[in-house]
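Inspection log for the structure reproduced underneath, given as structure tokens.
The values are calculated or read from the model by the stated rules, or taken from the named source; none is laboratory data. As the structure is a prediction and not an experimental result, all values here were calculated from the model. Neighbour counts run over all protein chains shown; Cβ positions are idealised from the backbone, glycine included.
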């Protein structure tokens, strides 16, 4: 019984091509060859950047405004970022990333329909979409985990509210 091979697919070793430096065949675990969603997201990054640049050029040329092209680039790159989060299985982060492009698009259309010039509506939509994203995320999404980013002042080395700072009180001489 102890020498019976396991039928678990993740424990099977599959011989792969010869190693280039040793000339021998090495066994690699099948799990090492499994689908990696982060790899797909990394491979999509340059393609989505190209789509964002194309969207910016087309929108800028059609409207004759640099700011409309800039808005199109930012919206397309934000949508691409959200798509990569979906592919990697991080759905809450994908919703968070999709809030800004959706808000910017909606607000740009709204401001244009209200009679604002296209370039001005694009600028105002860029600013207002950031405010809308933060408001909607704070109201409806769970707080994001920072995962070691340098977003808190305490991580920069600045003492926080719960830190004890030793200091020496000195009395100044009156002049």
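Answer with yes or no whether residue 116 is outside any helix (DSSP H, G or I) and without any contact (Cβ under 8 Å) to a residue 40 or more places away in the chain. The answer is yes for residue 116.
Being surrounded by fewer than 17 Cβ atoms within 10 Å (Cβ to Cβ), in a helix (DSSP H, G or I) and within 21 Å of the chain's Cα centre (by Cα): is that true of residue 45 here? So residue 45 passes the test. Return the residue satisfying two criteria in turn: it lies in segment 134-143 and is under 17 Å from the mean Cα position of the chain (by Cα) and surrounded by fewer than 10 Cβ atoms within 10 Å (Cβ to Cβ), and of such residues it is modelled with the highest pLDDT. Step by step, filter segment 134-143, then rank; the result is 142.
Can you confirm whether residue 78 is out of contact with any helix residue (DSSP H, G or I) (no Cβ under 7 Å at 6 or more places or on another chain) and either within 20 Å of residue 122 (Cβ to Cβ) or modelled with pLDDT of 70 or more (or both)? The answer is no for residue 78. If you go through segment 63-73 one residue at a time, do you hit one that is farther than 30 Å from residue 144 by Cβ and without any contact (Cβ under 8 Å) to a residue 12 or more places away in the chain? Yes: one or more hits.
Here is a yes/no grid of residues against (1) within 29 Å of residue 39 (Cα to Cα); (2) at pLDDT below 90; (3) out of contact with any strand residue (DSSP E or B) (no Cβ under 6 Å at 6 or more places or on another chain); (4) not in a helix (DSSP H, G or I):
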{"site": "84", "(1), (2), (3), (4)": "yes, yes, yes, no"}
{"site": "89", "(1), (2), (3), (4)": "yes, yes, yes, yes"}
{"site": "99", "(1), (2), (3), (4)": "yes, no, yes, no"}
{"site": "112", "(1), (2), (3), (4)": "no, no, yes, no"}
{"site": "132", "(1), (2), (3), (4)": "no, no, yes, no"}
{"site": "145", "(1), (2), (3), (4)": "yes, yes, yes, yes"}
{"site": "148", "(1), (2), (3), (4)": "yes, yes, yes, yes"}
{"site": "151", "(1), (2), (3), (4)": "yes, yes, yes, yes"}
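I need every pair where a residue in segment 80-91 that is more than 22 Å from residue 54 (Cα to Cα) has its Cβ under 6 Å from the Cβ of a residue that is assigned to a helix (DSSP H, G or I), sequence separation at least 6 or different chains. Correct list of pairs: 86/94; 87/37; 87/40; 87/41; 88/37; 88/38; 88/41; 89/37. Here residue 121 fulfils each of the conditions (1) touching a helix residue (DSSP H, G or I) at 6+ places or on another chain (Cβ under 8 Å); (2) buried (at least 18 other Cβ atoms within 10 Å of the Cβ); (3) within 22 Å of residue 81 (Cα to Cα) apart from (3).
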